[in-house]
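Report on one structure; see the data block that follows.
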Amino acid sequence: MLIPLMAEVAGSLLLIAILFVISAGLLVLLLGERRKNHHDPLFVTNQIESLLRYMPEGYIGVDKQGIIQEVNETYLVMTGYARGDLIGKKICMLLAEERNETLLSQLKTIELQKSVLLETEHRCKDGSFLPLEASVTALGSEHPAFMCFYRDISQRKKDELSRKHSTDLLRYVIEHTRSAVAIHDKNLRYLYVSQKYLDEYGLKDASSIIGRHHYDVLPDLPQKWRDVHQRALAGEVISAEDDPYVREDGSVEYTRWECRPWYTEQGTIGGIIIYTEMITKQKEFEHELKKTKDYLETVLTHANAPIVVWDTSLTITLANQAFSSLFGLSVEQMIGHRLVEFEQYIPLQHRDALYLQLGTRKAIDAAEIEMAQSDGSNRTLLWNVSPMFNPDTGDLVAIIAQGQDISERKKIEQEHAGQLEELRRWYAVMTNREDRIIALKREVNALLKYEGKAIRYASVEDETHA
């Protein structure tokens, strides 16, 4: 049973039935024995006293002043007293102080009503209190006496306390669960409700809806949900993962819910339980996330730069056309393949260094790699590789690599290097030629000096002296 029933068959009915049997037995005994022993009233009295003394219910006989005149063995066993402890004592000694003041007024009421059924507590010999159900009957009018029959209900009280604790615990668990939960009876009246349910439906508090009909609290529930409630009351378990709910103001809420029946102790359906989770914000987030994902995929697909993503097993999970074209393949032909299947496109002298960096740092910074193409040509790409981690756990999720084709740049750099080298050669040639001319001019000046003539190239002479 999911929810314990709070109602039980009243134990008082059993006590009334027992008293009825006792009274009937006494009457039969008296009538029977009167026929046999009408001349012996002592015999009849002894029979009655024996029956009261050993009956399964506790018995105390008191007079109008509340003085105990008789007590049976069952009562003595229940409370631990000896007969001498009670006979001639006021019955109020057995009651808690707060009950003593009302005892005489109760006896007067019983004297008028002749019979009363009530619950009380009697102090036992050890000072503890025993819960009892008492049936008190007044006898006589001028000098009334009272017959008090007691039944030990301590176990019933423990059971009631246990059931109350279970009910309070159930209410506590439901109220504080992080899910939106509502429990209804078979008439769809609220029995229990969680705080999350109140928050998500904008309801004030639990006390304002407990006992009210579900449709009075939420009058704008669509017919399809009302049909679900009836199906659940018939025994079905129904659920939905992504259900739009249009409110009266036109706004749309999205819910994930389940509706199932709960059963009584007798196995009959006692009502329904509704689990509801408002996922409107989640849906809005998912919508925004999808828009962002679609945008990024579009950017990725049409990006000129080659981009590839692989997981921790080196399996390619995402790539764009710019990357797959490096290998003369389509994107579909690359997804799901391991990265090492394409290592032959990377020069052997670069592989060990790249694998070492990926193994230790999970990253590569500005690595220039000349890659062989399927058509036999070579392309030079500048690669940057970065790891992606789970922000909550710190675990490695994937690695993304982005390349930049620098083939043209490398070609220009090579052309510039060639031109520079050629310039260097021309510079060297020109520098050697100039040095030779200066040397010749100096030789001419030397000959002229030898012949006693004036020199012709004074500038080279100045450079010499300088």
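Quick notes
- Taking the C-alpha atoms of the stretch 294-402, convex hull volume expressed per residue in Å³: 110
- FRET efficiency, residue 311 to residue 346 (Cβ-Cβ, R0 22 Å, nearest 0.05): 0.65
- Residues in the stretch 161-170 carry Karplus couplings, in order, of 5, 5, 5, 5, 4, 4, 5, 5, 5, 4 Hz; the curve used is 6.51 cos²θ - 1.76 cosθ + 1.60 with θ = phi - 60°, and Gly or Pro positions show x.
- Packing-based exposure ordering (other Cβ within 10 Å, fewest first) of 237, 181, 331: 237, 331, 181
- For the pair residue 77 and residue 159, a Förster radius of 22 Å applied to the C-beta separation gives a FRET efficiency near 0.50, rounded to the nearest 0.05.
- Ascending count of other beta-carbon atoms within 10 Å, so fewest first, for 310, 426: 426, 310
- Loop-located trypsin sites (Lys or Arg not before Pro) in the stretch 126-235 (DSSP state not H, G, I, E or B) with no more than 12 neighbouring Cβ atoms inside 10 Å: 178, 204, 212.
- Residue exposure sequence - 255, 315 - by fewest surrounding Cβ within 10 Å: 315, 255
- For the stretch 308-327 and the stretch 393-419, distance of Cα centres in Å: 16
- Between residue 69 and residue 266, the simple label model (points 7 Å from Cα in the Cβ direction) yields a spacing of 4.6 nm.
- Within straight-line reach of residue 64, meaning a Cα separation under 25 Å, sit the following lysines at least 8 residues removed in sequence or on another chain: 89, 90, 108, 114, 125.
Just so you know, all these numbers are worked out from the coordinates, no wet-lab data involved. Everything quoted here is computed from the prediction, not taken from an experiment. All Cβ positions, even for glycine, are placed from backbone atoms using ideal geometry, and neighbour counts span all protein chains on display.
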